[in-house]
Amino acid sequence: MRSSSISSARRSHVEVEGLSASYLTAGSPDAPAVLLVHGTYWSRVWLPILDGLAASGLRPIAVDLPGLGRSAGELTPATAAVPALAGWVSRFVEALGLPEPLNVVGHDIGGAIAQCLLVGSDVEVGRLALVNSVTYDSWPVPAVARFRDPAVRAAVTQDELLDSRRTALTKALGRPADEQEIAEYLDPWTDPRVGRSWLCLAAAADSRYTMEAVPALTASSVPKLLVWGEADSFQPIAYAERFVAEMPESRLVGIPDAGHIPMENAPEAVTETLTGFFTDRTR
């Protein structure tokens with residue numbers, strides 16, 4: 001699936017802390033909810049699997065973090081820190097009135113937020129899935145870490161940020177993409193406010209949050225699934241293999257020949273794996 005025009009997913013909004021929070025959803029409002037949290041991209045990364053999850057009897061909810069994607073607001077380095085974003089997601093869950101325990105999926109830095117939700121938030125997580133997520137000390141990658149320097153952030157022009165995001169996206173997709181698809185992905189960053197928010201997200205990227213979560217994750221009996229594009233050069237699968245070797249109730253499903261966004265390379269395989277995990281109550 002390479003275009004939002006062929007998806008039945010709908011975009012909705014809810015007020016969180018007085019500002020509009022945007023999310024993509026599909027399926028019946030009465031179906032079991034699955035919260036999908038993006039990282040350095042936006043809710044668009046989940047689009048290829050939303051219809052499939054809905055067809056399997058789930059209600060996927062792909063949120064845009066504040067200041068990113070289609071959500072209002074603007075992040076600062078403080079509000080872009082993983083614990084702060086996990087707190088915001090908790091309030092988003094409350095605003096939607098989602099029942100708990102909640103099914104949660106995190107991609108990229110969204111995986112750090114998901115881990116934080118499991119071990120240190122007011123949200124009760126029933127099942128956790130990580131898709132090419134940051135773990136341990138696997139992040140930030142150099143292209144993101146450089147924005148920790150305020151001088152570097154201040155010097156970045158809108159065109160330079162778009163060029164940087166284009167380069168990262170084309171590498172992450174792991175397949176050819178036409179200009180229409182790339183423009184669709186990049187569209188939020190044409191807004192300077194979103195660009196500034198993204199730079200703050202990059203500035204706040206810190207592996208101490210995932211490292212600090214390790215003891216609680218090790219003690220957690222919550223079922224955990226890792227879905228991994230095996231050709232990912234941003235988050236190598238070796239980190240996922242370490243995770244499942246150390247964390248109880250965890251397993252890994254590799255997606256061959258898929259990159260950092262396996263939803264774009266093998267949507268059917270990702271959908272089937274996540275659906276099986278969230279609908280099988282025997283584990």
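The values are calculated or read from the model by the stated rules, or taken from the named source; none is laboratory data. What you see is a predicted model; the values in this text were computed from it and never measured. Don't worry about glycine lacking a Cβ; one is built from the backbone with ideal geometry, like all the others, and counts go over all protein chains shown. Please note that ligands, DNA and RNA were not included when accessible areas were found on the heavy atoms of the full protein model with its side chains. Shrake-Rupley method; radii C 1.70, N 1.55, O 1.52, S 1.80 Å.
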Arg91 - would you say it is farther than 21 Å from Ala205 by Cα, out of contact with any Pro (no Cβ under 9 Å at 6 or more places or on another chain) and touching a residue at least 60 places away in the same chain (Cβ under 8 Å)? yes
Search the range 216-237 for residues being over 20 Å from Ala81 (Cα atoms) and in a helix (DSSP H, G or I), and hand back the single one that is most open to solvent (accessible area, probe 1.4 Å). Ala219
Can Val194 be described as buried (at least 20 other Cβ atoms within 10 Å of the Cβ), within 30 Å of Ala151 (Cα to Cα) and among the aliphatic types (A, V, I, L, M)? yes
Any idea which of Ala213, Ala183, Ala240, Ala172 is open to solvent by less than 60 Å² (accessible area, probe 1.4 Å), touching a helix residue (DSSP H, G or I) at 6+ places or on another chain (Cβ under 8 Å) and not in a loop (DSSP other than H, G, I, E, B)? Ala213
Tally of residues being open to solvent by less than 70 Å² (accessible area, probe 1.4 Å), free of Cβ contacts under 8 Å to residues at least 24 places away in the same chain and of a type in the set (Gly, Ala, Ser) across the range 133-169: 3
The range 121-136: number of residues that are modelled with pLDDT of 95 or more and out of contact with any strand residue (DSSP E or B) (no Cβ under 9 Å at 6 or more places or on another chain): 1
Considering only the range 50-64, I want to know if a residue exists there that is hydroxyl-bearing (Ser, Thr, Tyr) and under 30 Å from Pro150 (Cβ atoms). no
Given the conditions (1) within 19 Å of Ile109 (Cα to Cα); (2) open to solvent by 70 Å² or more (accessible area, probe 1.4 Å), every one holds for Ala245 apart from (1)
Which condition number in (1) open to solvent by less than 10 Å² (accessible area, probe 1.4 Å); (2) closer than 23 Å to Arg166 by Cβ; (3) touching a strand residue (DSSP E or B) at 6+ places or on another chain (Cβ under 6 Å) is the one that Leu24 fails? (1)
Read through the list (1) within 20 Å of Leu199 (Cβ to Cβ); (2) open to solvent by less than 10 Å² (accessible area, probe 1.4 Å); (3) in contact (Cβ under 8 Å) with a residue 60 or more places away in the chain; (4) not in a strand (DSSP E or B), then give the number of the only condition that Gly73 fails. (2)
Pairs needed: first member in the range 210-224, under 16 Å from Glu124 (Cβ atoms); second member anywhere, surrounded by fewer than 13 Cβ atoms within 10 Å (Cβ to Cβ); C-beta distance under 7 Å; at least 6 residues apart or different chains. Pro223/Arg283
When you check Pro99 against the structure, is it farther than 21 Å from Thr135 by Cα, out of contact with any Ser or Thr (no Cβ under 8 Å at 6 or more places or on another chain) and of a type outside the set (D, E, K, R), yes or no? yes
Looking only at the range 33-70, and only at residues there that are of a type in the set (Val, Ile, Thr) and in a strand (DSSP E or B), the one that is nearest to the chain's Cα centre (by Cα): Val37
Among the residues of the range 105-120, is there at least one that is at pLDDT 95 or above and open to solvent by 60 Å² or more (accessible area, probe 1.4 Å)? no
